[in-house]
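Written out below as structure tokens is the structure these notes cover.
The values are calculated or read from the model by the stated rules, or taken from the named source; none is laboratory data. Predicted model, so just to flag it, every value in this text is computed and none were measured. Using ideal geometry, Cβ is built from the backbone for each residue, glycine included, and neighbour counts are taken over all protein chains shown.
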Amino acid sequence: LPIRVRAQSESAAKVAAWLAAHPRVEVVHYPGLPTHPGHALAKKQMRGFGGMVSFEVRGGFDAAHDVVAKVKLFTRATSLGGVESLIA
């Protein structure tokens, strides 16, 4: 499990950095990014920053809806309590 969690955290950090540099992304919510408001605290409290990343698309609802409609790898879901990936 520790190896899996470390790999998830490393992958999430790469995805978050890629999203943060993307011109069509407004903001990325991931505590491992120095731009995250809780980064300093997370860095003190955590060895890794976890596997969950969320982001906001530039252009509001219509732009976000276009992204969701094109996604092929993630399951649309309504709860963070499940094991499936989410996109909303």
Exercise. Residues of segment 74-85 being exposed (fewer than 12 other Cβ atoms within 10 Å of the Cβ), modelled with pLDDT of 60 or more and within 23 Å of ARG24 (Cα to Cα), which ones?
Worked result: THR75
For this session: With the checklist (1) at pLDDT below 95; (2) out of contact with any strand residue (DSSP E or B) (no Cβ under 9 Å at 6 or more places or on another chain) in hand, flag the one item ALA88 doesn't pass.
Result: (2)
For this session: Could you grab the pairs with beta carbons closer than 7 Å, sequence gap of 6+ or different chains, first residue in segment 53-65 and of a type in the set (A, V, I, L, M), second one part of a strand (DSSP E or B)?
Result: VAL53/VAL28; VAL57/VAL25; VAL57/GLU26; ALA63/VAL57; ALA64/VAL57
For this session: Only residues in segment 1-13 that are closer than 13 Å to MET46 by Cα count as the first member; pair them with residues that are loosely packed, with under 13 Cβ neighbours inside 10 Å, Cβ under 9 angstrom, at least 6 apart or cross-chain, and list the lot.
Result: ARG6/ARG47; SER9/MET46; SER9/ARG47
Seminar exercise, completed: Filter segment 1-35 for residues that are of a type outside the set (Val, Ile, Thr) and in contact with a strand residue (DSSP E or B) (Cβ under 7 Å, 6 or more places away or on another chain); the one that is farthest from VAL57 (Cα to Cα) is ALA16
Problem set entry | Matching option when the condition is over 21 Å from VAL5 (Cβ atoms), surrounded by 13 or more Cβ atoms within 10 Å (Cβ to Cβ), at pLDDT 70 or above and among the aliphatic types (A, V, I, L, M), among VAL57, VAL71, VAL53 | VAL57
Seminar exercise, completed: Counted residues in segment 28-43 being in contact (Cβ under 8 Å) with a residue 12 or more places away in the chain and surrounded by 15 or more Cβ atoms within 10 Å (Cβ to Cβ) come to 6
